[in-house]
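Shown next, in structure tokens, is the structure this report addresses.
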């Protein structure tokens, strides 16, 4: 990609890597208001995987590009991120990327295999494997920074959420070599080779921080840390082997002054500990009510969630009933001490979801 090349409405050039001296205020953003514990003008709503396989315009672009190609092309990142904003009118955009992008950028040989997920060519199993992981340099993810710069200009008053995978979830993919049901090798290293485990987690924490810092420098308005597989752990193991590393991500980036969200799946028993890591918002999946979640996290923490993604496949009457129930549950959660609520799914939009249902759901939530 040549610097400063025109493509349609987007001008693509190397994003500045120096710390930003100013950041967008966006005082009218319902999403940022709720994430910061202020009263929003309406219930804010966005969806994980809102720029994804449920959108025909996304599938048309992906038919010509692999996932890795799309994740390292600033023009495609920009376009795919904007697609759900145009179609659904959600209150926040989330950067189109993947949690393994910084690993690939840092030189780890991997690919995202359709219908499988990330597959690692040489899994990390030894101290030597850990020591071979190289630091992430900003220029290695320059297309991501370029896309953020483009998006900040294109989105107007819609905030942009940057994101990264949490160290534990990245470690699981690296150690297992790909997706895993039971995370056997990951837990065996964690419990049986704790020195190797903490060395790996320290290295991956550095990678995660570098990836998020690049996005923050380029101008994202908020960040979210995805710890998708943390729910496989007991609370005691999470506190010992994971929490210190996730906490370092948030403590290192807190001076950026943006809302930070911590999310995992199946994390009901971990919500309190995840809240302690330092995020201002904790994501809740569909298995836990928002009211219960409010009693598990510290007072003053905002909550995000938590409609079951499968509900969107069950027909509009079911969707409407369930969405109203989530909003009512969120009101009780605020009464119980939550700082605010951001409507979302309990995980990502499923590929078979009708985009028109998503659009109607956004309008419904805004009406509530």
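Specify the residue with the greatest mean-square fluctuation among 260, 201, 67, computed from a Gaussian network of the chain linking alpha-carbon atoms under 10 Å apart.
Between 260, 201, 67, it is 67 that shows the largest mean-square fluctuation.
Which whole-number percentage describes the relative contact order of the chain, with Cα contacts under 8 Å and a sequence gap of 6 or more?
Computed value for the chain: 20 percent relative contact order.
Just want the ordering: 153, 247, 54, from fewest to most Cβ atoms lying within 10 Å of their own Cβ.
153, 247, 54
Assuming a ≥ b ≥ c are the square roots of the Cα gyration tensor eigenvalues, decide whether segment 167-289 counts as rounded (a/c under 1.5), prolate (otherwise, with a/b larger than b/c) or oblate.
The shape class here is oblate.
Distance from the Cα centre of segment 241-304 to that of segment 26-97, in angstrom?
22 Å
Could you check which residue among 128, 145, 298 shows the biggest mean-square fluctuation in a GNM of the chain with a 10 Å Cα cutoff?
128
Considering only 93, 210, 236, give the residue with the highest GNM mean-square fluctuation for the chain, with springs between Cα atoms whenever their separation is below 10 Å.
Looking only at 93, 210, 236, the largest GNM fluctuation is found for 236.
With Rg/Rh (Cα atoms, Kirkwood Rh) as the read-out, I listed (1) 1.03; (2) 0.94; (3) 0.97; which label goes with the value calculated from this structure?
(2)
Rounded to the nearest 5, what % of DSSP beta bridges with both residues in the chain are antiparallel?
Of all bridge pairs located within the chain, approximately 25 percent are antiparallel.
Coordinate-derived values only; no laboratory data. It should be emphasised that the depicted structure is a prediction, and the values quoted were computed from it without experimental measurement. FYI the Cβ positions are ideal-geometry reconstructions off the backbone, even for glycines, and counts take in every protein chain you see.
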